[in-house]
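Engineer: Got a structure for you, questions after.
None of the figures in this text is laboratory data; all of them are computed from the coordinates on show. Small disclaimer: the values here were computed from a predicted structure and weren't measured. In this analysis, Cβ positions are derived from the backbone assuming ideal geometry, glycine residues included, and neighbour counts consider all displayed protein chains.
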């Protein structure tokens, strides 16, 4: 069997982070072809030297997803100004409700000019390897804090099912391409996604390909994060690889609608009762900020975790209030210092 031949994303180093809890593909009503297959080893060159992004090198870092509306230069600059000094970098993500965005390198330039370190997400869904090489060259020229390499959600999900998916590369291959471009590289892994037992080994292959930082997706709280990080670090040591810094995701929820939106993330798993307690509170925005600070504090105490990513999806029209909440959380966690 050739799993890549039946995978809608044509992955070589599957499975992606979007595998459903029952092992199904995020796109098709069929099982993920990678779940039952052995972890695919990276077969390219291995460079054991790490390039630690500057925000992490200064100490425990707070990164925040930037909640700016798409295709709005002035809004992006304004949101960046609200986060400046409260977080150590902003991450430009990829949400299904806003498939059309400014190109990554242009967003990086706008953030740089706003004085905020840019941690730029780059996906394999929208561009072939030649276009990705061009974006990476531009991102290196702009001087980004890091490039976050993801395979990306399929176009069948989100607001542009009419667009043809590319998937010329997967996230592991993109990590190698980004390393060759000379930028610090982060990758994500989904500990809660099937097959759970092989997720640490898959991360190891991404590090072998060129990843400098591992972002741990939402997987149920501090306990599951600690277990995943400990196992991954042991596998890295056993393989003679460096102990990459880990960044753990913190769900930021401020009302019922934002809870519903973040729950739509592929593979999202919240700590038990986390969303329910916030939504049920008389003041959910206040409760959401307090919950994020508490969870972020616990996550940063885990050995190997160098920082957190404040992750959430703003309700359209609430981007400014979301940014202010992120700034408050960032300051409470020691970001921007």
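Engineer: Enter the Cα centre distance for the pair the stretch 153-194 and the stretch 281-337, rounded to the nearest angstrom.
Structural biologist: 25
Engineer: Okay, next question. Tell me, what is the FRET efficiency for residue 81 and residue 257 to the nearest 0.05, using R0 = 25 angstrom and their Cβ-Cβ distance as r?
Structural biologist: 0.50
Engineer: Once you have a ≥ b ≥ c as the square roots of the Cα gyration tensor eigenvalues for the stretch 272-337, tell me rounded if a/c is under 1.5, and otherwise prolate or oblate according to whether a/b is larger than b/c.
Structural biologist: Values: a/c = 2.07, a/b = 1.32, b/c = 1.57.
Because a/c hits 1.5 or more and a/b fails to exceed b/c, the stretch 272-337 counts as oblate.
Engineer: Between residue 156 and residue 237, how many nm apart are label points set 7 Å from Cα along the C-beta direction?
Structural biologist: It works out to 4.2 nm between the two label points.
Engineer: Given 0.36 nm per residue, what is the gain on full extension from residue 2 to residue 130 after removing their alpha carbon distance, in nm?
Structural biologist: The residue 2-residue 130 span can extend by a further 43.6 nm.
Engineer: Label points 7 Å out from Cα along the Cβ direction at residue 164 and residue 41: separation in nm?
Structural biologist: 3.6
Engineer: Fewest Cβ neighbours within 10 Å first, please rank 235, 82 accordingly.
Structural biologist: On the way: 235 15, 82 20.
Lowest to highest Cβ neighbour count: 235, 82.
Engineer: Turning to a different aspect of this structure: Taking every Cα atom in the stretch 147-216, find the radius of gyration and the maximum pairwise distance Dmax, and write them in Å.
Structural biologist: Radius of gyration, then largest Cα-Cα span, for the stretch 147-216: 13.1, 35 Å.
Engineer: I need 300, 71 ordered by Cβ neighbour count within 10 Å, fewest first.
Structural biologist: In order of increasing Cβ crowding within 10 Å: 71, 300.
Engineer: Between residue 230 and residue 180, what is the FRET efficiency for a Förster distance of 35 Å, r being their Cβ-Cβ separation, to the nearest 0.05?
Structural biologist: 0.70
Engineer: Using a Gaussian network model of the chain with C-alpha springs under 10 Å, which one of 147, 100, 185 is most mobile by mean-square fluctuation?
Structural biologist: The residue with the greatest mean-square fluctuation here is 100.
Engineer: Here's another thing I want to ask about it. Connecting C-alpha atoms closer than 10 Å in a GNM of the chain, tell me which of 316, 15, 184 has the biggest fluctuation.
Structural biologist: 316
Engineer: With r defined as the distance between the Cβ atoms of residue 137 and residue 286 and R0 fixed at 41 Å, what FRET efficiency is calculated, to the nearest 0.05? Please list the in-between numbers first.
Structural biologist: Numbers: r = 45 Å, r/R0 = 1.09.
Using R0 = 41 Å, I get an efficiency of 0.40.
Engineer: Would you please report the Å³ per residue occupied by the convex hull of the alpha carbon atoms in the stretch 233-298?
Structural biologist: 100
Engineer: Measure off 7 Å from each Cα along the Cα-to-Cβ vector at residue 58 and residue 30, then give the distance between these two points in nanometres to one decimal.
Structural biologist: Roughly 4.9 nm, to one decimal.
Engineer: When the Kirkwood radius is taken over all Cα pairs of the stretch 91-236, what Stokes-Einstein diffusion coefficient follows at 4 °C and 1.567 mPa s, in µm²/s?
Structural biologist: Working: Rh = 15.8 Å.
The Stokes-Einstein estimate is 82 µm²/s.
Engineer: Just to be sure I understand the curve: with the Debye formula and one point per C-alpha of the chain, what is log10 I(q)/I(0) at q = 0.12 Å⁻¹?
Structural biologist: Those come out to -0.78, one per q.
Engineer: Let me ask something else. Kindly put 60, 297 in sequence by how many other C-beta atoms sit within 10 Å of each C-beta, fewest to most.
Structural biologist: 297, 60
Engineer: Taking only the alpha carbons of the stretch 201-254, what extent do you get along each of the three principal axes, in Å, biggest first?
Structural biologist: 42, 20, 16
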